[in-house]
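Chemist: Quick one: the structure is below, and I'll ask about it shortly.
The values are calculated or read from the model by the stated rules, or taken from the named source; none is laboratory data. For clarity, every value in this text was computed on a predicted model and none was experimentally measured. Here the Cβ is made from the backbone with ideal geometry for all residues, glycine too, and neighbour counts use every protein chain on show.
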Amino acid sequence: MKIRLLTIPLFALVGASFSFWTGCGSSDLPGIEENDSAYERGRAHLRQGNEEEALDEFLSVTRRIVQSPQSHIEVGRLLMKLENRRDPVAAIYHYRRFIELSPESKAAVTVEQLIVTAEREIIRKLPGEPYVEHLEALRLREENSRLKRELADMRVRLGLPLETADAVQPTPAIADPTTPSSPPAPVKPPEPSTPRTHVVQQGDSLYAISRKFYGDSAHIDLIYNANRDVLINKSSLKIGQKLRIPPRPAP
């Protein structure tokens, strides 16, 4: 396996990312992404310098809209830039999703370079063992990360919660006609939904908490209204605060 080495510094590629976004042109973007409210909020947060909130909004777009190349590339860039949410493996996934969705884009070549930079960032933090083994481990980890995110994307589109995976249903056995059937077991009624709690951690925001419990960042008002007794405003979170997380509203 060959190791690709690149001399372009990480900060130069990330810093230059804004300059080549315009090379894609709005005509390269599906209208459904451009017109999405979360995408518009993400762009507005970027203009205001609120990059963490922008990351949450763009993640929301990628989970709900399959054709969202611009949101994927913004997520990858922010995951490499924000220190408290730095995740090169996840950034590689989003960069590659951009290339899959826009293979003919002028930005594709530069995104390939950003992938190499993210790979080098991962290898740089590994112990001094042979690179070939590390790259193979990296490939497996990246594949696992990709599958988990694709599963999360599918669950959100189906309206399922993200915290737990669906139980795998066993294949039903073929009934023996000579064996008398037993009466069906009584069905236990579902338990009523009760509010959950979340202890505020370093780097938390209402956007991030909404994304964690509901799958997107569209429910910050729901969380805020349930915690007005401890929150002065939507930005007044304190580390160690215990917040009530109300059940997801009925569709």
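Chemist: State all residues of segment 201-226 that are in contact with a Lys or Arg (Cβ under 6 Å, 6 or more places away or on another chain) and either in a helix (DSSP H, G or I) or over 26 Å from residue 36 (Cα atoms) (or both); if no residue qualifies, say none.
Modeler: Those that are in contact with a Lys or Arg (Cβ under 6 Å, 6 or more places away or on another chain) and either in a helix (DSSP H, G or I) or over 26 Å from residue 36 (Cα atoms) (or both): 206, 214, 224, 226.
Chemist: Still on this structure, please answer the following. Among the helices (runs of 4 or more DSSP H) lying completely within segment 38-113, list those that include at least 2 residues that are within 19 Å of residue 209 (Cβ to Cβ) and under 14 Å from the mean Cα position of the chain (by Cα).
Modeler: Qualifying helices (runs of 4 or more DSSP H): 51-64, 69-81.
Chemist: Hey, another quick one. Of all residues in segment 86-106 being modelled with pLDDT of 90 or more and among the basic types (Lys, Arg), which is surrounded by the fewest Cβ atoms within 10 Å (Cβ to Cβ)?
Modeler: Of everything passing the filter in segment 86-106, 96 is surrounded by the fewest Cβ atoms within 10 Å (Cβ to Cβ).
Chemist: Can you tell me which residue in segment 236-251 is farthest from residue 203 (Cα to Cα), limited to those that are in contact (Cβ under 8 Å) with a residue 40 or more places away in the chain and in a loop (DSSP other than H, G, I, E, B)?
Modeler: Residues of segment 236-251 that are in contact (Cβ under 8 Å) with a residue 40 or more places away in the chain, as a first pass: 240-248, 251.
Add one more test, that the residue is in a loop (DSSP other than H, G, I, E, B), and what stays is 240-241, 246-248, 251.
On the way: 240: 12, 241: 13, 246: 21, 247: 23, 248: 23, 251: 30 Å.
In this case the residue turns out to be 251.
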